[in-house]
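Have a look at the structure below, then the notes.
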Amino acid sequence: MSTPVTPKAPRILVLGGGYVGLYTALRLQSKLRAGEATVTVVEPRSYMTYQPFLPEASAGSLSPRHVVVPLRRVLKKCEIINARVVALDHTARTARLDPIDGPEYDLDYDIVVVALGSVARTLPIPGLADEGVGFKTIEEAIYLRNQILNCLDVAESTDDLARRRRALTFCFVGGGYAGVEALAELEDLARDATKYYKKITPEDLRFVLVEASDRILPEVGPDMGEYTLLQLSERNIDIRLMTRLESCTKGVVTLSDGTTFESDTIVWTAGVKANPALTNFAGLPTDERGKVRCDATLRVTGVEGAWGAGDNAAVPDLANPGKETGPSAQHAVRQAKRLADNIVATLRGREVQEYRHKYVGSVASLGLHKGVAQVYGIKLKGWPAWFMHRTYHLSRVPTLNRKLRVVTDWTLALFFKREIVSLGSISMPFHEFEAAAGINTSTGALSTHEAARR
């Protein structure tokens, strides 16, 4: 008598470990029965970053470790592969992966969730690739904190007025959420830090915000945007509306209004675009912006076994007919839960449900105890808005562990002053050892270790 063959459990391949990837996998591991399916998450980093707290991490209000969520600790029932997806053939049900070490290889799957999110949308501006830095990752947030404090050290230690002026000039390009919050928090940090420098006053600092449109922070509405503009201007922040960055070669910033100045710190937050890896995804339809086309159930339009959500997906907004859901954490988290539930429903032969959620509003921090908010039509500013910003995002941070750590950081900040230590040399850990070994590290070239790693 022959032994019956047990069918292999389908593999659900989740591409990306951001909002959509993490919350989809979390929901799946809690909803799936034992042996019903295997969930595999592919993500280059071993953690998910809670991006709304990046400005506070950069300003030192939160520990950087507390705004990231370790995937393996949270997704205990899932398989985690640290790799980039470079191509996908949905007809053959294979994904081409480039692991953090070793050669590329193909991974078979049965169901795929496209959750690669977005990347910074850059332009071919001379010098931008060499001089600019984004603000989407925890690494960039830590770098900017170290960079600004290091610039204060440079300005304090030199008698060269031109060098000092360049070090104390900070240029931010982009007046949306990321740009305004990063600028406001880091200006708050720099101004607070000047208390510990003998030669630097808050008036010596020059923060410049460059925005191509006629307003900033459009997400909170025109009137709250005007309030933000006024508040930042009162902090002596130079705001240039209807202005573009023309070039920044060797740190010499040239704007479209003819202004030219030098800066050691150029932060680019002028928009995002769908992950470019999607151009190598065969069998999945994309729109003119490179996003995967999805229907209201979050299934890739006209394709079985493929799902998408978040910044890399074009999803119809049923609460606003004719429009698509915006690239916000609100939509990403809620879409992920609906997407996971729909996958479980298809595995069990049940009907899927459409995603419908009305956008409730926006909150933004403008530094310690300062903010703007527009939620359910209610407009707040100052301390109440700042408090709502913290309360809302605390409720959205994944896991109780991270919530408690964030609250602990905030509580300690009530009793202790902000840290102003710059650890800029953390990005060059081999220089001290190589100098001791007699290797010349003063040329600015890559160290022996760094060159070997590249």
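Every read-out reported here was derived from the displayed coordinates using simple, explicitly stated rules and does not represent laboratory data. Please read these numbers as outputs of a predicted model, since none were measured by experiment. Don't worry about glycine lacking a Cβ; one is built from the backbone with ideal geometry, like all the others, and counts go over all protein chains shown.
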Quotient of Cα radius of gyration and Kirkwood radius for the range 10-86, i.e. Rg/Rh, equals 1.04
The range 1-105: GluC sites (Glu not before Pro) in DSSP loop, at most 12 other beta carbons within 10 Å: Glu104
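Placing unit charges on C-beta atoms (Lys and Arg positive, Asp and Glu negative, everything else neutral), compute the dipole magnitude of the range 253-303 about its Cα centre in debye, rounded to 20. Provide the component values of the computation, followed by the final result.
Details: 5 positive and 6 negative charges, 91 e Å.
Its charge dipole is roughly 440 debye.
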Take the alpha carbon atoms of the range 288-324, find their center, do the same for the range 73-105, and report the distance between the two centers in whole angstrom. 23
Crossing angle, helix 222-234 versus the chain [Cα axis fit, 0-90 degrees, rounded to tens]: 30
If a/c stays under 1.5 just call it rounded; otherwise compare a/b with b/c (prolate if a/b is bigger, oblate if not). Do that for the range 166-321, with a ≥ b ≥ c from the square roots of the Cα gyration tensor eigenvalues. prolate
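May I have the convex hull volume per residue, in Å³, for the Cα set of the chain?
With only Cα atoms used, the chain gives 179 Å³ per residue.
Of all the Cα-Cα pairs you can form in the range 41-167, what percent are over 24 Å apart?
The share of Cα pairs beyond 24 Å in the range 41-167 comes to 50 percent.
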Cα gyration tensor category, rounded, prolate or oblate, for the range 195-253 with a/c compared to 1.5: oblate
Under 8 Å for C-alpha pairs, at least 6 residues apart: give me the relative contact order for the chain, rounded to a whole percent. 17
Let me know the Kirkwood hydrodynamic radius for the range 96-136, please, with Cα pairs as the basis and the value in Å to one decimal. 14.1
Over the range 1-104, what relative contact order in percent results from Cα pairs under 8 Å that are six or more residues apart? 25
The range 234-361: D in µm²/s via Stokes-Einstein (Kirkwood Rh, Cα pairs, 10 °C, 1.306 mPa s)? 90
Put +1 on the Cβ of each Lys and Arg and -1 on the Cβ of each Asp and Glu in the range 228-358; which of Cys294, Val267, Asn280 then has its Cα farthest toward the positive end of the dipole? Cys294
About the Cα centre, and with charges only on the beta carbon of Lys, Arg (+1) and Asp, Glu (-1), how big is the dipole of the range 365-426? Nearest 20 debye, please. 140
Rounded, prolate or oblate, given the Cα gyration tensor of the range 223-275, with a/c below 1.5 counting as rounded? oblate
Can you tell me the relative contact order of the range 209-365? Whole percent, Cα pairs under 8 Å, sequence separation 6 or more. 14
Amide H contacts under 5 Å for Glu246, restricted to residues at least 5 apart in sequence or on another chain and with H modeled in the peptide plane, are Thr254, Leu255, Ser256
Would you compute, from DSSP H runs of 4+ residues alone, the mean residue ellipticity of the chain at 222 nm, taking -39500 (n - 2.57) per run and dividing by the full residue count, rounded to the nearest 500? -9500 deg cm²/dmol
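Within the range 1-87, which trypsin sites (Lys or Arg not before Pro) sit in a loop by DSSP and count at most 14 neighbouring Cβ atoms inside 10 Å?
Numbers: sites: Lys8, Arg11, Arg27, Lys31, Arg33, Arg45, Arg65, Arg72, Arg73, Lys76, Lys77, Arg84; in loops: Lys8, Arg33, Arg45, Lys76, Lys77.
Passing sites in the range 1-87 are Lys8, Arg33, Lys76, Lys77.
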Sparse-neighbourhood loop hits (chymotrypsin sites (Phe, Trp or Tyr not before Pro), the range 314-376; DSSP loop; Cβ within 10 Å at most 13 others) -> Tyr376
What pairs from Lys250/Lys370; Lys77/Lys291; Lys323/Lys379; Lys76/Lys403; Lys337/Lys381; Lys199/Lys417 go past 28 Å between their alpha carbons? Lys250/Lys370; Lys77/Lys291; Lys337/Lys381
